[in-house]
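Data first, discussion second: the structure below is written as structure tokens.
The values are calculated or read from the model by the stated rules, or taken from the named source; none is laboratory data. Note that the structure is a prediction, hence the values are computed from the model and not measured. We place every Cβ from the backbone using ideal geometry, glycine too, and count neighbours over all the protein chains shown.
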Amino acid sequence: MDVINDIKDDPVTFITNLYQSTQNWRNSQEKRWKRFYKLYRNHRDIAAQPFKSNIFVPYIFSIVESVVPKMLGTIFNTRPIISVAPRKGSSVNLAKLLESLLEYQLDEEQLEFFTKILEFFKECVIYGTSFAKVVPKFNDDELSTFNYIDIQPIDLFHIFPDFRATSIRNMKYIIQLSYMDYEEREDGTSWFL
């Protein structure tokens, strides 16, 4: 009950405290992630290697760039990519229709699903974890009819999950750091995406 009262009394302080506690936990993680990224990008500290003839083999880069296509090939080479099984008592025809819809959307080039999922998996291979949002998009008509599903990979350095949880389902919060222009803030059009 105290948590609910804290949120009602001062939501900004409550959210700021969550953000700061997650930030403190992430400090050790971020050092590792930055080291992994430097390994992937073949960053060399010239001061640590003062000799002129220092051969550097981009081993990590080659591993990442060979593992990611294998992972994607495993997922995208089987059809259907996502199987929809009806629950007990549900319509089998509706499940097949949903499966066809998802298959169409995954193949649609305009949605750039493959590019987004490639980015998601590459980040997962480099850092050991990655995050993405699955956002339903609706038409701007009176009924707000469903249009498609969008996948948005989130940069690992912009996500602050509940570090006490063991899975996404158990998390009480996930904070996503985002930036907006001053004009957008004044309009109030893109507070929550």
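For region 42-58, indicate whether the set of residues that are in a helix (DSSP H, G or I) and aromatic (Phe, Trp, Tyr) is non-empty. Checked region 42-58: no residue is in a helix (DSSP H, G or I) and aromatic (Phe, Trp, Tyr). For beta carbons closer than 6 Å, sequence separation of 6+ or different chains, a first residue in region 20-45 that is closer than 15 Å to Glu123 by Cβ and a second that is of a type in the set (Val, Ile, Thr), the qualifying pairs are Phe36/Ile126; Leu39/Ile60; Tyr40/Ile60; Tyr40/Val64; Tyr40/Ile126. Lys88 fulfils the conditions (1) at pLDDT 85 or above; (2) in a helix (DSSP H, G or I) except for a single criterion, (2). The single condition among (1) of a type outside the set (A, V, I, L, M); (2) within 19 Å of Phe114 (Cβ to Cβ); (3) assigned to a loop (DSSP other than H, G, I, E, B) that Ser178 does not satisfy is (2). Checked against (1) assigned to a loop (DSSP other than H, G, I, E, B); (2) farther than 25 Å from Val68 by Cα; (3) out of contact with any strand residue (DSSP E or B) (no Cβ under 7 Å at 6 or more places or on another chain); (4) of a type outside the set (Ser, Thr, Tyr), Ile168 passes all but condition (2). Out of everything in region 139-158 that is hydrophobic (A, V, I, L, M, F, W, C) and in a strand (DSSP E or B), what residue ends up being farthest from the chain's Cα centre (by Cα)? Restricting to residues being hydrophobic (A, V, I, L, M, F, W, C) and in a strand (DSSP E or B), the top hit is Phe146.
Evaluating Thr115 against the criteria (1) surrounded by 10 or more Cβ atoms within 10 Å (Cβ to Cβ); (2) farther than 30 Å from Arg41 by Cα leaves one unmet condition, (2). Just so you know, in region 1-58 the residues that are modelled with pLDDT of 85 or more and of a type in the set (Lys, Arg) include one that is surrounded by the most Cβ atoms within 10 Å (Cβ to Cβ), and it is Arg26. Out of all the residues in region 87-95, is one or more over 29 Å from Arg169 (Cα atoms) and out of contact with any helix residue (DSSP H, G or I) (no Cβ under 6 Å at 6 or more places or on another chain)? Yes; the residues of region 87-95 include at least one that is over 29 Å from Arg169 (Cα atoms) and out of contact with any helix residue (DSSP H, G or I) (no Cβ under 6 Å at 6 or more places or on another chain). Within this structure, Lys122 passes the test of being in contact (Cβ under 8 Å) with a residue 40 or more places away in the chain, under 30 Å from Phe160 (Cα atoms), assigned to a helix (DSSP H, G or I) and not aliphatic (A, V, I, L, M).
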